[in-house]
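This report refers to the structure that appears directly beneath it.
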Amino acid sequence: MAISLRKARTIIRKSLEKGRDMGLKPLSVVVLDAGGHVQAFERETGAAPGRFAIAHGKAYGAVMLGMAGTAQMKRAEDQAYFMAAVNGVYGGQVIPVPGGVLLRDKKGAVIGAVGVTGDTSDNDAVAAMAGIDAAGLIGEI
């Protein structure tokens, strides 16, 4: 199963809406396919221009490792050398914190990832899950 552009846009729209409902700082949201390629991205007015790289790094780590941001952060805390090596392999593109949400199909296969950034990592993950739920997909934080 691939993530359609329509579903990617729903994820982004609903993630941004959740952020506004929660009173979060301006968010940036990226949706990647199972190969780590950008399906869609939006940055709210007022979000720093560098937020694309952060949102992408959160999602990229999730999809490339098959491991959500929360699990990546735990792994980085427990085995910093492993995550440092992984980041070296991926050219420094991995940001191992919450807000990188893995997308799975009903059979458990990885179909992509969502990266949200702009507020605290935990709030970013909440916003991402709101978008994923609205799109009818399965997210793993």
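The values are calculated or read from the model by the stated rules, or taken from the named source; none is laboratory data. Predicted model only: the values in this text are computed from it and were never measured. Don't worry about glycine lacking a Cβ; one is built from the backbone with ideal geometry, like all the others, and counts go over all protein chains shown. Side chains are part of the model used for accessible areas, which takes the heavy atoms of the whole protein and leaves out ligands, DNA and RNA. Shrake-Rupley method; radii C 1.70, N 1.55, O 1.52, S 1.80 Å.
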Subset tally (residues that are over 25 Å from Ala84 (Cβ atoms) and open to solvent by less than 30 Å² (accessible area, probe 1.4 Å)) for region 29-38:
2
Name the residues in region 9-45 that are among the aliphatic types (A, V, I, L, M), within 21 Å of Met64 (Cβ to Cβ) and in contact (Cβ under 8 Å) with a residue 40 or more places away in the chain, would you?
Ile11, Ile12, Val29, Val30, Val31, Leu32, Ala34
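Which ones in region 39-66 are touching a helix residue (DSSP H, G or I) at 6+ places or on another chain (Cβ under 7 Å) and farther than 13 Å from Asn87 by Cα?
Looking only at region 39-66, we keep the residues that are touching a helix residue (DSSP H, G or I) at 6+ places or on another chain (Cβ under 7 Å), and these are 39-44, 58, 61-62, 65.
Result: Gln39, Ala40, Phe41, Glu42, Arg43, Glu44.
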Hey, Gly46 within 17 Å of Asp119 (Cβ to Cβ), part of a loop (DSSP other than H, G, I, E, B) and open to solvent by 60 Å² or more (accessible area, probe 1.4 Å) or not
yes
Being at negative phi and part of a loop (DSSP other than H, G, I, E, B) is the filter here, so list the residues in region 2-37 that pass it.
Ala2, Ile3, Ser4, Leu24, Lys25, Pro26, Leu27, Ala34, Gly35, His37
Between a first residue in region 128-141 that is farther than 10 Å from Ile12 by Cα and in contact (Cβ under 8 Å) with a residue 40 or more places away in the chain and a second residue that is open to solvent by 40 Å² or more (accessible area, probe 1.4 Å) and of a type in the set (Ser, Thr, Tyr), which pairs have beta carbons less than 6 Å apart while being 6 or more apart in sequence or on different chains?
Ile141/Thr70
Neighbours by Cβ (under 7 Å, 6+ apart or cross-chain): first from region 104-122, at pLDDT below 95; second open to solvent by 10 Å² or more (accessible area, probe 1.4 Å) and outside any strand (DSSP E or B)
Asp105/Met1
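Does Val63 fit the bill of being under 14 Å from Gly118 (Cβ atoms) and under 14 Å from the mean Cα position of the chain (by Cα)? Explain how you work it out, then say what you get.
Numbers: under 14 Å from Gly118 (Cβ atoms): no; under 14 Å from the mean Cα position of the chain (by Cα): yes.
For Val63, the condition - under 14 Å from Gly118 (Cβ atoms) and under 14 Å from the mean Cα position of the chain (by Cα) - is not met.
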Log entry, pairs with first residue in region 66-83 being free of Cβ contacts under 8 Å to residues at least 60 places away in the same chain and over 18 Å from Gly108 (Cβ atoms), second being hydrophobic (A, V, I, L, M, F, W, C) and outside any helix (DSSP H, G or I), beta carbons closer than 6 Å, six or more apart or on different chains, reads Met73/Val97
Taking the condition open to solvent by 50 Å² or more (accessible area, probe 1.4 Å) and modelled with pLDDT of 95 or more, does Lys25 pass?
yes
Heads up, the strands (runs of 3 or more DSSP E) in region 54-141 (entirely inside) with at least 2 residues that are open to solvent by less than 40 Å² (accessible area, probe 1.4 Å) are 100-104, 110-117
